[in-house]
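In what follows, a single structure is set out as structure tokens and then discussed.
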Amino acid sequence: MKDNYKKIALWQTAFLGDAVLTLPFIKALSQRFPDAEIHFFVRKGVEPLFRFQPELSGVYGFDKRGAGRSMKSAYRFGAEIGRQGFDLWISAHTSIRSALVAVAGGITDRIGYSAPWYNRFAYTQTVDRSFEELEEVDRLMALGEPLGISGSAPETDLGLDEAALEEAGNFFRSFSGRPVLGVHPGSTWETKKWPGQNFALTIARAVENGYAVVLFGGPDEVALADEIARQSGCGDRIVNLAGRLNLQQLAAHIRMLDLYLTNDSGPMHIAWVQGVPVLALFGPTVKRFGFFPRGENSTVLEAPGHLECRPCGLHGGRTCPEKHHRCMTDISVETVWSEILRKTGAVG
């Protein structure tokens, strides 16, 4: 590997949260090569979140579920990248399609993980991911070992548009100093969702105790948020922003919360990376997978006791394989409410 690079491509086309988890490594790259351009390739639709990231010279979306779905399309995409003057390629993703993009680019120096087996043919340098031993941020930092990057992951933040921050600031001024609880009841995976009725009961209790409550959700979570708002019985005493914010606006609003109550989801990572207190509910997934919210302000709540079926997979699933979903339903409203009080310094 060289001592200096001028144009670096970093490939991470997994989910939104995975891309956010890459930010400490991006910071480390920028510190190691301060004169280099760093270009970030992410899953299509995620790229707006990183457009104001100060370490990045460019952010691009790869349509892995659409135009780039086929191997032929992925190869063409990689070949086009290879014509753009990059001298270092780093892949944080382990799919065979990602390996094919790396090969097609033909960039002289390419770093990836040593597994799966085909990665040994795609990258000129490989590192062990050490999945069982490391948290995800540290697995990503390991990609810097061939470049002389070592030590703990640096602290970082999410770069945001000033207009989005101003808009969020104006919105939060309306709460007149009350503690603001943000609630995200959705997830890409059905089994990662705490029951909607439980969210509704928690919201009602928060409102009764003087909290301002803001509901968050993506465009495909509007119906879920609407139903939870209805079940809470709080009417216009809560604000439902589901489906109304782009990613920059979402991140700016999350930044100003006193606490973010969420399932295991992408926006959970948007919260902790900005230092926002997080209360995350984990069911089918577990902390030892390494994808949990980091930092002293973050708390993960899990069902009490031991469930033989947990964890049931790396990502969760569409339905509970055991048909009982106890990993989520056993987390009680009372437990969540107690944690909300503890983390916000309130007395119930």
statement: Computed from the beta carbon distance with a Förster radius of 41 Å, FRET efficiency for MET71 and ARG288 to the nearest 0.05 stands at 0.80
- prompt: In the chain, which longest range has no trypsin sites (Lys or Arg not before Pro) that are both DSSP loop (not H, G, I, E or B) and surrounded by at most 16 other Cβ atoms within 10 Å?
  reply: 84-243
field: Ratio Rg/Rh [Cα only; Rh per Kirkwood] for the range 7-147
entry: 0.92
statement: Here the range 259-274 yields Karplus 3J(HN,Hα) values (6.51, -1.76, 1.60; θ = phi - 60°; whole Hz; Gly and Pro given as x) of 7, 10, 9, 8, 6, 5, 8, x, x, 3, 6, 4, 6, 5, 5, 9
- prompt: Using +1 on the beta carbon of Lys and Arg, -1 on that of Asp and Glu, and nothing else charged, what's the dipole of the range 279-336 about the Cα centre, debye to 20?
  reply: 240
- prompt: Rounded to the nearest 500, what is the chain's calculated 222 nm mean residue ellipticity when only DSSP H runs of at least 4 contribute -39500 (n - 2.57) each, over all residues?
  reply: -9500 deg cm²/dmol
- line: Interchain or sequence-distant (5+) residues whose placed amide H lies within less than 5 Å of the amide H of GLY243 are GLY217, GLY218
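From the P(r) of the range 163-344, could you give the percentage of C-alpha pairs in the tail past 29 Å? Mind dumping the intermediate values first?
Values: 2417 of 16471 pairs.
Result for the distance tail: 15 percent.
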statement: Extension length gain for THR335 and LYS6 (0.36 nm per residue less Cα distance), in nm, is 113.3 nm
query: Do any of LYS193/LYS287; LYS2/LYS27; LYS193/LYS323; LYS192/LYS323; LYS64/LYS323 go past 21 Å between their Cα atoms, and which?
result: LYS64/LYS323
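Each reported figure results from applying straightforward, stated rules to the coordinates on display, with no laboratory input. Source: prediction; values computed, not measured. Cβ: placed from backbone, ideal geometry, glycine included. Neighbour counts: every protein chain shown.
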